[in-house]
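Reviewing the structure listed below.
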Amino acid sequence: MSPLRTLALGALVLPVAAYANDPYSYAQPDEVRVTHLDLKLKLDFPQRKLDGQATLTLDWKDPKAAALVLDTRDLAIASIESIDAGGKTAPLKYALAPRDKQLGSKLTIQAPQHPHEVRIVYSTSPDASGLQWLPPAQTADKKQPFMFSQSESIHARSWVPLQDSPAIRFTYDAEVTAPKDTRVAMSAPNDPAHALDGDFSFKQTHPIPSYLLAIAAGDLSVKETGPRSAVYAEPSVVGKAAHEFEDTEKMIKTTEQLYGPYRWGRYDLLVLPPSFPYGGMENPNMTFATPTVLVGDKSLVSLVAHELAHSWSGNLITAASWRDIWLNEGVTTYVQGRITEALYGKRQADEEALLDIHTLQREAGKLPANAQRLAPEPGNIEADDTLSDVAYNKGSWFLRTLEQRFGRDTFDNYLKGYFDHFAFQSITTEQMLDYLKPNLIDKYPGKMSWGEVKAWVYDPGIPKNAPIPDSPRFDAIDKERAGFLAGTLGADKLDAKDWNTQEWMYFLDGLPENPPLARMQELDAAWHLTGTPNAEIGMRWYVHAIGAGDKAAWPAAAEHMTRIGRLYLTMPLYRALSKTPDGLAFAQQVYAKAKSGYHPLTQQAVEALFEKAGKH
């Protein structure tokens, strides 16, 4: 998933137990594991639901096990039956436990005979946490309804009954029935030439974890961007998206040269409507992406580099639990930087790394000590914290440190071997370290001590000797910002006409939280930031304009908040407005109009913010 978003899992606490069993799943994989999913789905747009049939192939691990336990959330179960090796079926008794706010409902299926397969007939709720149903008015072209899933982290259970844990991998087949003229895409190889006849089939032959199960359907056109890549988007968006992402094949080849073959066949991109709550989601074969990266100059295509990199770190090798999620996101952010450097130059890669470093330096100190660790200790760590800036930015900083100490060629060879060794497995931090020690640390003695490694992974904060890239342009921006804030350099005298997106981000990130109103008005008059189509710049600009008390920027901020459902680009504006009574009232008015176009996860985040603001 793209960096700088937090998942809304609430304040669930990890137990003081081994991580063999995922605390966010009811599944009991030591007793029985799902190895394959055969899925049949019928899309019902008017009722906002999926009618489903999930047939699970089972590998019974414990001869004494009497039940199959699955994760569900708000599913209506119609029937459950066993299927033996000869295809004979028999009904099974089952119990659906009361709904837990975080985990959903535990589904316990009595299966003492250890059937080869279990088939569940069910339907989803219109309010399924992992699905969003959009009427035509909330799409780009406003012609057909649209539906898409977001399964990470524990939302697959809201549209398929399964073992919803990253430790459990399975292959899948799917048959999907949809209205004619609707295109369906899934996290499996997609056929760009598929007829829009209402019948779609998919086959994912590589074992994936449940959070990478994905589906989308709507008025989608396709434009090829390379021999194994295409862009899927609404007709009015697809041309722009194909231009922005025309370097996709170069990205794939660059990563292959560094870390070995791309093992998934096709790599396609689906540009979703603006309500998508994240920047990107690395669903295998079909990255789901926000339209907010379509700015015309490729300055934000590092998001594609990030999601593509997940094809090695995250999808190929998966964190076994959310506690280990830095193995996905930290490694991916490092690989993203290498792709960016190879294609767009060291300056852009270093600037993006510095933005990550400065974000981490600002935010890490606000977290509890345990949440500052790459691998938190058991107990008192909220699931929200596992996908903080620590996983992404401290994780990638650790890998950049290893690269610096051991040399790029040596570290590249190590990382390539790591991807080969653990391919298509889910692993823990400790398994990764058990591989790191003999294959890098001990193999090249004197470069980095094991104590330093353990400090990076298990200690809070950032080691004092962590390397920081040089950026002469950022240094120049620091001086200009200081002069501007001191009043010795007019806004119109800033040497900003050639600043790229990252340099504007850096300038705005360095402004005080509540800058002087006159300075902000002067900056806007000179550079016309209010109304910018660049959402990364806009988010930062509106937060500072609001902090300065510039109510003239509020209407444009409201348009930004209404147009964009991506949490990372929207929540900072809600937070800034909610700090004053007038701002909170305005934010609530904006939300009332925007809510129907937001994903359930975005709605949950905004409403939690309002509840907290109302208590102060």
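The values are calculated or read from the model by the stated rules, or taken from the named source; none is laboratory data. No experiment lies behind these values; they were computed from the predicted model shown. As a convention, Cβ positions derive from the backbone with ideal geometry for all residues, glycine included, and neighbour counts pool all protein chains shown. For the accessible areas, the whole protein counts, side chains as well, though only heavy atoms, and no ligand, DNA or RNA atoms are used. Shrake-Rupley method; radii C 1.70, N 1.55, O 1.52, S 1.80 Å.
Annotations for the structure displayed:
- Those residues of the stretch 313-331 which are within 15 Å of the chain's Cα centre (by Cα) and either open to solvent by 10 Å² or more (accessible area, probe 1.4 Å) or of a type in the set (A, V, I, L, M, F, W, C) (or both), in sequence order: Ala319, Trp322, Ile325, Trp326, Leu327, Val331
- Close pairs (6 angstrom Cβ cut-off, 6 or more residues apart or separate chains): under 23 Å from Pro227 (Cβ atoms) and open to solvent by 20 Å² or more (accessible area, probe 1.4 Å) in the stretch 182-198, hydrophobic (A, V, I, L, M, F, W, C) and part of a loop (DSSP other than H, G, I, E, B) anywhere: Arg183/Leu196; Arg183/Leu220
- Residue satisfying all of: in the stretch 401-450; assigned to a helix (DSSP H, G or I) and touching an Asp or Glu at 6+ places or on another chain (Cβ under 6 Å); farthest from Phe170 (Cα to Cα) among these: Phe411
- Residue in the stretch 130-141 that is loosely packed, with under 14 Cβ neighbours inside 10 Å, part of a loop (DSSP other than H, G, I, E, B) and modelled with pLDDT under 95 present: no
- The set of residues from the stretch 373-404 being of a type outside the set (Asp, Glu), open to solvent by 30 Å² or more (accessible area, probe 1.4 Å) and at pLDDT 90 or above comprises Arg373, Arg400, Gln404.
- Here the condition is being buried (at least 22 other Cβ atoms within 10 Å of the Cβ) and over 30 Å from Phe170 (Cα atoms); of Ala364, Ala342, Ala353, it holds for Ala353 alone.
This table checks each residue for (1) open to solvent by 20 Å² or more (accessible area, probe 1.4 Å); (2) out of contact with any Cys (no Cβ under 8 Å at 6 or more places or on another chain); (3) assigned to a helix (DSSP H, G or I); (4) free of Cβ contacts under 8 Å to residues at least 24 places away in the same chain.
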| residue | (1), (2), (3), (4) |
| --- | --- |
| Gly531 | yes, yes, no, no |
| Tyr542 | no, yes, yes, no |
| Ala545 | no, yes, yes, no |
| Trp554 | yes, yes, yes, no |
| Ala558 | no, yes, yes, no |
| Met561 | no, yes, yes, no |
| Gly565 | no, yes, no, no |
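- Residue match in the stretch 98-111 (condition: small (Gly, Ala, Ser), surrounded by fewer than 14 Cβ atoms within 10 Å (Cβ to Cβ) and within 29 Å of Pro600 (Cβ to Cβ)): no
- Screening the candidates Ile120, Ile154 for the property of being open to solvent by less than 10 Å² (accessible area, probe 1.4 Å), touching a Pro at 6+ places or on another chain (Cβ under 6 Å) and either closer than 19 Å to Leu213 by Cα or assigned to a loop (DSSP other than H, G, I, E, B) (or both) yields one hit, Ile120.
Residues checked against (1) under 22 Å from the mean Cα position of the chain (by Cα); (2) in a helix (DSSP H, G or I):
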{"residue": "Ile208", "(1), (2)": "yes, no"}
{"residue": "Ala216", "(1), (2)": "yes, no"}
{"residue": "Val222", "(1), (2)": "no, no"}
{"residue": "Thr225", "(1), (2)": "no, no"}
{"residue": "Gly239", "(1), (2)": "no, yes"}
{"residue": "His243", "(1), (2)": "no, yes"}
{"residue": "Thr254", "(1), (2)": "no, yes"}
{"residue": "Leu258", "(1), (2)": "no, yes"}
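- Test: Ala518 is open to solvent by 30 Å² or more (accessible area, probe 1.4 Å) and among the aliphatic types (A, V, I, L, M): yes
- If the condition is being within 23 Å of Ser125 (Cβ to Cβ), in contact with a Gly (Cβ under 6 Å, 6 or more places away or on another chain) and aliphatic (A, V, I, L, M), then the stretch 573-608 contributes no residue at all.
- Inter-residue pairs, beta-carbon under 6 Å, first over 20 Å from Ala111 (Cβ atoms) and in the stretch 33-48, second surrounded by fewer than 19 Cβ atoms within 10 Å (Cβ to Cβ), 6+ apart: Lys40/Gln53; Lys40/Glu175; Lys42/Asp51; Lys42/Thr177; Arg48/Pro126
- Within the stretch 462-499, the set of residues being loosely packed, with under 15 Cβ neighbours inside 10 Å and either within 30 Å of Gly451 (Cα to Cα) or touching a residue at least 60 places away in the same chain (Cβ under 8 Å) (or both) comprises Pro463, Lys464, Asn465, Pro467, Ile468, Asp470.
- Set side by side, the residues Leu308, Leu316 differ, and just one is closer than 28 Å to Glu377 by Cβ and modelled with pLDDT of 95 or more, which is Leu316.
- Restricting the stretch 14-36 to residues that are open to solvent by 60 Å² or more (accessible area, probe 1.4 Å), of a type outside the set (A, V, I, L, M, F, W, C) and at pLDDT below 95, the residue that is farthest from the chain's Cα centre (by Cα): Pro15
- Filtered by the rule that a residue be farther than 21 Å from Glu175 by Cβ, in a loop (DSSP other than H, G, I, E, B) and either within 27 Å of the chain's Cα centre (by Cα) or aromatic (Phe, Trp, Tyr) (or both), the stretch 37-74 gives Arg73, Asp74.
- Test: Glu249 is touching a Gly at 6+ places or on another chain (Cβ under 6 Å) and either buried (at least 20 other Cβ atoms within 10 Å of the Cβ) or in a strand (DSSP E or B) (or both): no
- Residues of the stretch 172-181 satisfying the condition of being part of a strand (DSSP E or B) and open to solvent by 30 Å² or more (accessible area, probe 1.4 Å): Asp173, Glu175, Thr177
- Candidates Leu584, Leu601, Leu609 - the one that is assigned to a helix (DSSP H, G or I), of a type outside the set (Val, Ile, Thr), in contact (Cβ under 8 Å) with a residue 12 or more places away in the chain and buried (at least 19 other Cβ atoms within 10 Å of the Cβ): Leu601
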